[in-house]
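First the structure, in the form of structure tokens, and then the observations on it.
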Amino acid sequence: MLSVLLGGVLWLGVLTPQARAIASPANVGLVSEVQVQLGDASEALKFVPDHLEFTAGRKYKLVLDNPSSQKHYFTAKDFADSVWTQKVEAGNVEIKGAIHELELKPGAVAEWVFVPQRPGTYDLRCVIAGHAEAGMVGEIVITP
């Protein structure tokens, strides 16, 4: 069973101008999909890829997959604070609101649909003891 660790407050229907533009009827269905593996089948402690780049104002679906036999976290709080989250889907559950980190159990898949808002460079890491130190870190860049 997929477990998703969430934090933050519920989205109250307030959109930034960029998110409103993405959500307009003319842009419905325009989503760029990005796939990221948390670990791998050989138990390597890494994100694949470990460098992600997004453009502010575009809509993305981040597909997170954990093919390893241990749980991993996708933690990038400052990045999460710089995006408007439409939803996270995991199993038969759709979650709305602010997302700060996702925990993926072995074999789990989660989809995070969002619109980047604030350009910058953000740290990504797995917060399980020893994982970041072993190399399970990355970088997320939002360009204007």
Problem set entry | Out of Asp65, Asp81, sole residue that is within 18 Å of Gly138 (Cβ to Cβ), out of contact with any Cys (no Cβ under 7 Å at 6 or more places or on another chain), charged (D, E, K, R) and free of Cβ contacts under 8 Å to residues at least 40 places away in the same chain | Asp81
Exercise. Can you tell me which residue in the range 66-123 is surrounded by the fewest Cβ atoms within 10 Å (Cβ to Cβ), limited to those that are in contact with a Ser or Thr (Cβ under 7 Å, 6 or more places away or on another chain) and aliphatic (A, V, I, L, M)?
Worked result: Ala98
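Each value in this text was obtained by applying a stated rule to the coordinates, not by laboratory testing. Every value quoted in this text rests on a predicted model; they were computed, and no experiment measured them. Because the Cβ atoms are built from the backbone with ideal geometry, glycine has one as well, and the counts that use them run over all protein chains shown.
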